[in-house]
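Just below is one structure, and these are the notes that go with it.
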Amino acid sequence: MDSSVRLPIIEAHRGASDECPENTLSAFRRAVELGAASIELDIHETKDGELVVMHDETVDRTTRGKGRLAALTLAELRALDCGAWKHARFAGERIPTLAEALELSRAHGVRFNVEVKAFSSPRAAERLVGLLREYAPAGGTHVVSSFHVDALLQVRQADAGVPLAMLGNFPAILDAARHHGFPWIHGAYRGVSSAVVTAAHAAAVQVMIWTMDEPGLLAYYAGMGVDKVCTNRPRLMLAEADVLAALLP
Ligand code: G3P
Ligand code: MG
């Protein structure tokens, strides 16, 4: 490999979601065990104002319950099993609160990419930045990302120091990041190009691609200058990163 190449940060998408039920403490602990430096998770606000970790707007796909997270209380959500759908060995897994997930960064130093799916009340952004401060990783910060620019601006309003990432497709997300001064763009990996990465870096914007599950393509994206790769397969991607690191001078 070219000696000027830097390997991207490997980020575990919804935790080690190929091996464990997505967005659970099992998936996050496994990602930490594998050595992932960063973990992506998705958050929603419950009916009673708690921030909890789940991808979908409803509990229907990953539990045996039904309904929108915003219409359920934390106690109602905690009664649900969010592990058994993946495999019987994960039966009994509970939907984590954001605080429980971020707590892992205290013990292990892992950073989180907290993707805001929806804020259903104005106090959610305040609650989020409070948790990010309380559970800040030593010597670093978590990142907040969203497809919704309004959600990012609410986070900025609550705490101007939180690094923000515009999620979506290249190159539109770069325009949004330049316009709002966001330090990261998180884009669907098929649309990335050397030109967009070069333009992003020229504007002091870092580039993450999702969800890239082909270890054989890591060298290609590293060569392009991508800063972070978000993957469902952190074990295989980290192994590939080790192979590539050994080739670097
Ligand atoms: O943050 C990257 C990725 O998670 C965005 O899409 O639908 O998997 O949350 P989604
Ligand atoms: Mg996500």
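So here's what we get for this one:
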quantity	calculated
Qualifying positions in region 214-249 - open to solvent by 20 Å² or more (accessible area, probe 1.4 Å) and either within 15 Å of ligand 1 (Cβ to nearest atom) or of a type in the set (S, T, N, Q) (or both)	Asn232, Arg233
Criterion: of a type in the set (Val, Ile, Thr) and either at pLDDT below 95 or surrounded by fewer than 23 Cβ atoms within 10 Å (Cβ to Cβ) (or both) - qualifying residue of Val53, Val144, Val149, Val116	Val149
Lone unmet requirement of (1) open to solvent by less than 30 Å² (accessible area, probe 1.4 Å); (2) within 16 Å of ligand 2 (Cβ to nearest atom); (3) under 25 Å from Phe28 (Cα atoms) for Ile173	(3)
Selection count where residues are in a helix (DSSP H, G or I), open to solvent by less than 50 Å² (accessible area, probe 1.4 Å) and farther than 19 Å from Leu25 by Cα, scope region 119-141	4
Given (1) touching a residue at least 24 places away in the same chain (Cβ under 8 Å); (2) crowded, with 19+ Cβ neighbours inside 10 Å; (3) touching a His at 6+ places or on another chain (Cβ under 8 Å), index of the condition Thr211 fails	(2)
Pair list, Cβ < 6 Å and 6+ apart or interchain, from region 54-77 residues that are closer than 23 Å to Asn113 by Cα to residues that are open to solvent by 40 Å² or more (accessible area, probe 1.4 Å) and away from ligand 1 (no atom under 16 Å from the Cβ)	Glu57/Arg68; Thr58/Arg68; Thr62/Trp85; Ala70/Ser120; Leu74/Asp48; Leu74/Glu50
Residue in region 6-31 that is surrounded by the most Cβ atoms within 10 Å (Cβ to Cβ), counting only those that are over 21 Å from His186 (Cβ atoms) and among the hydrophobic types (A, V, I, L, M, F, W, C)	Cys20
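The values are calculated or read from the model by the stated rules, or taken from the named source; none is laboratory data. This structure is a prediction, so every number in the text was calculated from the model and none was measured. Don't worry about glycine lacking a Cβ; one is built from the backbone with ideal geometry, like all the others, and counts go over all protein chains shown. Quick note on the areas: whole protein, heavy atoms, side chains included, nothing else; ligands and nucleic acids left out. Shrake-Rupley method; radii C 1.70, N 1.55, O 1.52, S 1.80 Å.
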